[in-house]
Amino acid sequence: MTTDQLFALDTLLDDDERAIRDAVRRFVDERIKPDIGEWFETGELPARELALELGKLGVLGMHLEGYGAAGMSATSYGLACQELEAGDSGIRSLVSVQGSLAMYAIHAYGSEEQKQEWLPRMAAGEAIGCFGLTEPDFGSNPAGMRTRARRDGDDWVLNGTKMWITNGSIADVAVVWAQTDEKIRGFVVPTDSAGFSAPKIGKKLSLRASVTSELVLEDVRLPGSAVLPEVQGLRGPLGCLNEARFGIVFGAMGAARDCLQSAIEYAQDRKVFDKSLAGYQLTQAKLADMALELGKGQLLALHLGRLKDAGTLQSEQVSVGKLNNVREAIQIARTCRTILAANGITLEYPVIRHANNLESVLTYEGTSEVHQLVIGKALTGAEAFR
């Protein structure tokens, strides 16, 4: 029995949702899992090739309406994220940054000209986007960003540095947030603009099958039409982050599920003292506890998906999902590693790869501590960020 069967999760999905989940699962099984260990080991990912395939699959910006996007439900998007992250967090990050950050920013806040220029190509995977918010000294406190955009006639001139940017060095367009005299504004920056560079960040031990970069803007001159016209202040980037966090709520459960499935299969095959490892009480206790946390996390994700589809999901509820599900996923990965013992540290099995990736997922899109404080503020009414 799988954990999906244990919690009868299929009974909570409609036919379309099951079909989308199954299609993405097949793609991951056939296209990602055979090569992901090598991609992780070498730190190289055929991102542009995969982007085109993911575009054909229909998952890039799949929860957006129009402009070539699939217009699927939030729950369907979450289920797709779960399957993608069962392959690797880096693959889900590629899709998440493309659709929930870069495409969503243009879709929600952009001009019609910006939408027409970029969204159809991004939905097809023909153009790759990135999202420039985090800076070397400003992660949890984006309001302190130093990147600045100043007016020069009808143009804008941008200077600054962004850090830890997924897809940065392969992107065709960057959505960059900068301080201006009119509050924080977002800009659509073609990456072939003079003064723009995106050196790749190396020597990572997490998210190795993902392109992570720095963005450097040195007197990047943009026309007035490059600004996102429909938003000012932090409301813009934080709205995008909430979209991406929603995908993580589902995605982390995919990584946890893949670890647990691997641990169950390994325990059934492994003989210890002439007996299957799965037949020992301590092993079964670990598996049972992990299955409970995985199932509860999946139920929470589905509940949040239904709320989002109903238009009633609150940002504090997304924080509940992100905090709980990533925290439980990384604990599941670590416990599965103990069942696999020494084999658990090799890339022959997915467990250590997922565990390492989840160390990054635990931090990005809001650290666990930030989400604790978001929830604490919701419960008490008192802000404790400072």
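The values are calculated or read from the model by the stated rules, or taken from the named source; none is laboratory data. Since this is a predicted model, take the numbers as computed values, not measurements. Counting neighbours? That spans all protein chains shown, and the Cβs are built from the backbone with ideal geometry, glycine included. Quick note on the areas: whole protein, heavy atoms, side chains included, nothing else; ligands and nucleic acids left out. Shrake-Rupley method; radii C 1.70, N 1.55, O 1.52, S 1.80 Å.
Considering only region 268-320, how many residues are within 30 Å of ALA378 (Cβ to Cβ) and part of a loop (DSSP other than H, G, I, E, B)?
Start the filter on region 268-320 by keeping residues that are within 30 Å of ALA378 (Cβ to Cβ), which leaves 289-320.
Then keep just the ones that are part of a loop (DSSP other than H, G, I, E, B); that gives 310-314.
Total meeting the criteria: 5.
Can you tell me which of (1) touching a Gly at 6+ places or on another chain (Cβ under 6 Å); (2) outside any helix (DSSP H, G or I) is the one PHE250 doesn't meet?
It is condition (2) that PHE250 fails.
Looking only at region 335-386, which residues are over 22 Å from SER319 (Cβ atoms), open to solvent by 60 Å² or more (accessible area, probe 1.4 Å) and β-branched (Val, Ile, Thr)?
Those that are over 22 Å from SER319 (Cβ atoms), open to solvent by 60 Å² or more (accessible area, probe 1.4 Å) and β-branched (Val, Ile, Thr): THR338, ILE345.
List pairs: first in region 89-109 and more than 19 Å from LEU79 (Cβ to Cβ) and without any contact (Cβ under 8 Å) to a residue 60 or more places away in the chain, second charged (D, E, K, R) and in a helix (DSSP H, G or I), Cβ under 7 Å, 6+ apart or cross-chain?
Taking only residues 6 or more apart or on different chains, the pairs are HIS107/LYS115.
For region 26-55, what are the residues that are in contact with a Gly (Cβ under 6 Å, 6 or more places away or on another chain), closer than 16 Å to GLY125 by Cα and open to solvent by less than 20 Å² (accessible area, probe 1.4 Å)?
Those that are in contact with a Gly (Cβ under 6 Å, 6 or more places away or on another chain), closer than 16 Å to GLY125 by Cα and open to solvent by less than 20 Å² (accessible area, probe 1.4 Å): ALA51, LEU54, GLY55.
Residue-by-condition table, conditions (1) among the hydrophobic types (A, V, I, L, M, F, W, C); (2) more than 26 Å from TYR77 (Cα to Cα); (3) surrounded by 20 or more Cβ atoms within 10 Å (Cβ to Cβ):
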| residue | (1), (2), (3) |
| --- | --- |
| GLU243 | no, no, yes |
| ILE248 | yes, no, yes |
| LEU287 | yes, yes, no |
| LEU292 | yes, no, no |
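Looking only at residues in region 56-88 that are free of Cβ contacts under 8 Å to residues at least 40 places away in the same chain and more than 25 Å from LEU228 (Cβ to Cβ), which one is surrounded by the most Cβ atoms within 10 Å (Cβ to Cβ)?
Going through the qualifying residues, I end up with LEU57.
What are the residues in region 165-197 that are within 26 Å of GLU38 (Cβ to Cβ) and either surrounded by 22 or more Cβ atoms within 10 Å (Cβ to Cβ) or touching a His at 6+ places or on another chain (Cβ under 9 Å) (or both), if any? First the steps, then the outcome.
Initial filter on region 165-197 (within 26 Å of GLU38 (Cβ to Cβ)): 165-171.
ILE165, THR166, ASN167, GLY168, ALA171 - these are the residues of region 165-197 that are within 26 Å of GLU38 (Cβ to Cβ) and either surrounded by 22 or more Cβ atoms within 10 Å (Cβ to Cβ) or touching a His at 6+ places or on another chain (Cβ under 9 Å) (or both).
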